[in-house]
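Let me begin by presenting the structure, written as structure tokens, before commenting on it.
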Amino acid sequence: MKLPAPTVGPRALATLTDRQIFDYLCLNQPATRTQISSALGLSKPTASQGISRLQENGLVSPVEVMPGADAAVRRGRAPESYGINQGYGHLLGLSLEAGTLLGRTTDLAGHIVAQGHRVVPTEASADQVQQLAGSMVEELTAASSGRTLGAALSQSSPVLRVGVDATALPTPVYPGSSASLAPVVQELTGAPAVLDNDVNWMAVAQVRHDQPLADSSLMLLYVGPGIGTALVIDGTVHRGASGTAGELNGLRLGDQTFLQRLAAAGLTEDGSSKVDYARLAKLLAAGGPTDPLVESFTLVLAEVLGNLLAFFDPQRLVLCGPLAHFEAFTHSLNQALASRMGANSSVVEVSELGEDAALRGALFGARAQYLARLWSNYRIDGA
């Protein structure tokens, strides 16, 4: 994150010091002043002043530490330890997908405070989904200390951005896909809520997971009830001007869209454009990639991916979703891409993230947005 203006002078240097200490405690709490100064290369007075400022702003508080084995032989009072103040506030994340609503709150260090799960009936309307989300938000915030500092929402549907406003677009996967969750969260918590689609948030989580490769470019491919990609350039998710970068449904293959090709190949559920991933998973488990339907799916997918990969040229192609862990599918997709693009085509990797990847990514996003606001206004009225 960039430092707020002014970027020089005592106040800016103090803010930089406080951020260093805060970031260190997020990963290494509890810690004493001596441990902090030694780890960050700060003088003890500088570290002490930074801790005092962070305490004054409510971000850090003393932490009670159980005495160690050497307590009996150590003379004098044990040095005070510090950690992130649990009472300062919490971050809220919601993840809505077909059949499921997940919720979670964390403190500013990323530690889970409370979490919940709701089954969303397949036929639930947008209004019913909003009611479920509202009850979950009330439950999570009641179980969490302090105010809601920021929130992020994940929905398994395209998200259209117009200026600062974002809207979830309806999909054929489930009727409640276009539920307006952001107004619900903002009304109940008073906190700003950022909305994005699930695959983009999965990509955020993947970047955080791949810290040594965080500055690389990658394409994240999700294969489940819907199929979508997220594009990461230099470690940052590229959402496009309207927020729909990476959406595959409208891409044309010859005279048909991608979805029309899937439907023509018998790969969607009857009367719907929802991908019949459950049937594909069953076929993969039983017969592997030699099944004609699986082979058709792989070839259509490789065709649309080949176009994107040739244009985007990412360093990595990462696969996630219900079909990701079928080795036969991954192998078949690699072969199809190689035959289309040559030996230098991207090799498909399987993400190690679990089913809560979108929720984790959303919470990372909520934290980043809150901290950007925090540090830009930090001690703005103070000395």
- Message: Exactly one condition in (1) modelled with pLDDT of 90 or more; (2) more than 26 Å from the chain's Cα centre (by Cα); (3) open to solvent by less than 40 Å² (accessible area, probe 1.4 Å) is false for Leu299; which is it?
- Response: (3)
- Tally of residues being polar (S, T, N, Q), out of contact with any Pro (no Cβ under 8 Å at 6 or more places or on another chain) and over 20 Å from Ala230 (Cα atoms) across the stretch 166-205: 2
- Message: Looking only at the stretch 350-381, how many residues end up being in contact with a strand residue (DSSP E or B) (Cβ under 9 Å, 6 or more places away or on another chain), of a type in the set (Lys, Arg) and surrounded by fewer than 20 Cβ atoms within 10 Å (Cβ to Cβ)?
- Response: 1
- Item | Among the residues listed as Leu293, Leu284, the single one being within 26 Å of Arg316 (Cβ to Cβ) and either free of Cβ contacts under 8 Å to residues at least 12 places away in the same chain or more than 17 Å from the chain's Cα centre (by Cα) (or both) | Leu284
- Task: Check whether at least one residue in the stretch 30-52 is under 28 Å from Ile112 (Cα atoms), in contact with a Gly (Cβ under 7 Å, 6 or more places away or on another chain) and open to solvent by 50 Å² or more (accessible area, probe 1.4 Å), and report yes or no.
- Result: yes
- Restrict the check to the stretch 272-284 and report whether at least one residue is basic (Lys, Arg), in contact with a Gly (Cβ under 6 Å, 6 or more places away or on another chain) and within 23 Å of Met219 (Cα to Cα). no
- Item | Conditions (1) farther than 30 Å from Ala109 by Cα; (2) open to solvent by less than 70 Å² (accessible area, probe 1.4 Å); (3) not in a loop (DSSP other than H, G, I, E, B); number of the one not met by Ala324 | (3)
- Residue that is nearest to Ser48 (Cα to Cα) [pool: residues in the stretch 4-21 that are of a type in the set (A, V, I, L, M) and at pLDDT 90 or above]: Ile21
- Message: Looking at the structure I just gave you, is Val73 at pLDDT below 95, surrounded by 14 or more Cβ atoms within 10 Å (Cβ to Cβ) and over 22 Å from Arg367 (Cα atoms)?
- Response: no
- Query: Out of the stretch 219-231, which residues are open to solvent by 10 Å² or more (accessible area, probe 1.4 Å) and of a type in the set (Val, Ile, Thr)?
  - Reply: Ile227
- Item | Selection from the stretch 33-55 of residues that are more than 32 Å from the chain's Cα centre (by Cα) and touching a residue at least 12 places away in the same chain (Cβ under 8 Å) | Arg33, Thr34, Leu42, Thr46, Ala47, Ser48, Gln49
- Message: Looking at Gly110, Gly116, can you tell me which residue is modelled with pLDDT under 95 and more than 15 Å from Ala191 (Cβ to Cβ)?
- Response: Gly110
- Note on the structure: Of the residues in the stretch 232-259, those that are out of contact with any Pro (no Cβ under 7 Å at 6 or more places or on another chain) and either crowded, with 17+ Cβ neighbours inside 10 Å or among the aliphatic types (A, V, I, L, M) (or both) number 15
- The condition from (1) modelled with pLDDT of 90 or more; (2) loosely packed, with under 14 Cβ neighbours inside 10 Å that Val347 misses is numbered (1)
- Among the residues of the stretch 214-257, which ones are hydroxyl-bearing (Ser, Thr, Tyr) and free of Cβ contacts under 8 Å to residues at least 40 places away in the same chain? Thr236, Thr257
- Taking the stretch 264-278 as the search range and keeping residues that are buried (at least 16 other Cβ atoms within 10 Å of the Cβ) and more than 26 Å from the chain's Cα centre (by Cα), which one is nearest to Thr236 (Cα to Cα)? Ser273
- Do we have any residue at all in the stretch 181-204 that's hydroxyl-bearing (Ser, Thr, Tyr), open to solvent by 20 Å² or more (accessible area, probe 1.4 Å) and within 24 Å of Pro121 (Cβ to Cβ)? no
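The values are calculated or read from the model by the stated rules, or taken from the named source; none is laboratory data. None of these values were measured; they are calculated from a predicted model. In this analysis, Cβ positions are derived from the backbone assuming ideal geometry, glycine residues included, and neighbour counts consider all displayed protein chains. Accessible surface areas use protein heavy atoms only, side chains included; no ligands, DNA or RNA. Shrake-Rupley method; radii C 1.70, N 1.55, O 1.52, S 1.80 Å.
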